[in-house]
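Novice: One structure follows; several queries about it will come next.
The values are calculated or read from the model by the stated rules, or taken from the named source; none is laboratory data. Since this is a predicted model, take the numbers as computed values, not measurements. Cβ atoms come from the backbone with ideal geometry, glycine included; neighbour counts cover every protein chain shown. The area values use the complete protein model at the heavy-atom level, side chains included, leaving out ligands, DNA and RNA. Shrake-Rupley method; radii C 1.70, N 1.55, O 1.52, S 1.80 Å.
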Amino acid sequence: KEAVVAEIDQIFTVSGVVVVTHYTGLTVAEMSDLRLRMRNVGGAVRVAKNKLARLALNGKECQSLSDYLIGQTALIYSEDQVSAAKIAVEYSKENQKLVILGGAMGATALDLAGVEQVSKMPSREENKLLRPSIF
């Protein structure tokens, strides 16, 4: 359990954005599809026991996320500050079984509207396409 708490602690520490979701009713194939989409943008999905996630959040700037850790929760996260939010919002629109509860971008707590706002920002990859380097 200590290893799991350490892993979740790392997620909250190094991720640019973490989105907390309910995934009740998602099939294995649907969850695999979500994981693949996240992997393609450099992110991941982590299903964690709420108690262990709360332990990992203890003392963190985004500790308010613990309010969302009720029921079957999955953490969708990416180092990029936009990708996880973008994929989570897109997927929840396609599949009503994935419900976004909220999230955090560093120390900033996000409600559903906040996650949706972050998802509309250009990701790191989109920024590279919009502003090509001269060098």
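Novice: Tally time: how many residues in region 109-123 are more than 14 Å from residue 75 (Cα to Cα) and either surrounded by 21 or more Cβ atoms within 10 Å (Cβ to Cβ) or not hydrophobic (A, V, I, L, M, F, W, C) (or both)?
Specialist: Residues that pass the stated criteria total 9.
Novice: In this structure, is residue 32 in contact with a helix residue (DSSP H, G or I) (Cβ under 6 Å, 6 or more places away or on another chain), part of a helix (DSSP H, G or I) and within 27 Å of residue 120 (Cβ to Cβ)?
Specialist: Spelling it out, it is not the case that residue 32 is in contact with a helix residue (DSSP H, G or I) (Cβ under 6 Å, 6 or more places away or on another chain), part of a helix (DSSP H, G or I) and within 27 Å of residue 120 (Cβ to Cβ).
Novice: Okay, moving on. State yes or no: is residue 18 closer than 17 Å to residue 113 by Cα and under 13 Å from the mean Cα position of the chain (by Cα)?
Specialist: Judged against the criteria, residue 18 is a match.
Novice: Within region 21-41, can you find the residues that are closer than 22 Å to residue 81 by Cα and either over 16 Å from the mean Cα position of the chain (by Cα) or among the acidic types (Asp, Glu) (or both)?
Specialist: Residue satisfying the conditions is 33 alone.
Novice: Would you pick out the residues in region 92-108 that are under 13 Å from the mean Cα position of the chain (by Cα) and either open to solvent by less than 60 Å² (accessible area, probe 1.4 Å) or of a type outside the set (A, V, I, L, M, F, W, C) (or both)?
Specialist: Answer for region 92-108, where residues must be under 13 Å from the mean Cα position of the chain (by Cα) and either open to solvent by less than 60 Å² (accessible area, probe 1.4 Å) or of a type outside the set (A, V, I, L, M, F, W, C) (or both): 92, 98, 100, 101, 102, 103, 104, 105, 106.
Novice: For region 1-40, name all the residues that are buried (at least 19 other Cβ atoms within 10 Å of the Cβ) and of a type in the set (S, T, N, Q).
Specialist: 15, 21
Novice: While we're here: Can you tell me which residues in region 1-43 are among the charged types (D, E, K, R) and farther than 17 Å from residue 65 by Cα?
Specialist: 1, 2, 30, 33, 35, 37, 39
Novice: Within region 89-109, can you find the residues that are touching a residue at least 60 places away in the same chain (Cβ under 8 Å), touching a helix residue (DSSP H, G or I) at 6+ places or on another chain (Cβ under 7 Å) and outside any loop (DSSP other than H, G, I, E, B)?
Specialist: Answer for region 89-109, where residues must be touching a residue at least 60 places away in the same chain (Cβ under 8 Å), touching a helix residue (DSSP H, G or I) at 6+ places or on another chain (Cβ under 7 Å) and outside any loop (DSSP other than H, G, I, E, B): 99, 100, 101, 102, 103, 104, 105.
Novice: For region 74-86, state whether one or more residues are assigned to a helix (DSSP H, G or I), open to solvent by 30 Å² or more (accessible area, probe 1.4 Å) and of a type outside the set (Gly, Ala, Ser).
Specialist: Checking region 74-86: at least one residue is assigned to a helix (DSSP H, G or I), open to solvent by 30 Å² or more (accessible area, probe 1.4 Å) and of a type outside the set (Gly, Ala, Ser).
Novice: Ok, one more. Can you name every residue in region 41-64 that is surrounded by 15 or more Cβ atoms within 10 Å (Cβ to Cβ) and out of contact with any strand residue (DSSP E or B) (no Cβ under 8 Å at 6 or more places or on another chain)?
Specialist: 52, 54, 55, 56, 57, 60, 63
Novice: Between a residue in region 18-38 that is closer than 13 Å to residue 89 by Cβ and hydroxyl-bearing (Ser, Thr, Tyr) and any residue that is outside any helix (DSSP H, G or I) and open to solvent by less than 50 Å² (accessible area, probe 1.4 Å), which pairs come within a Cβ distance under 8 Å, given they are 6 or more apart or on different chains?
Specialist: Matching pairs, first to second residue: 21/73; 21/74; 21/75; 21/76; 21/98; 21/100; 21/101.
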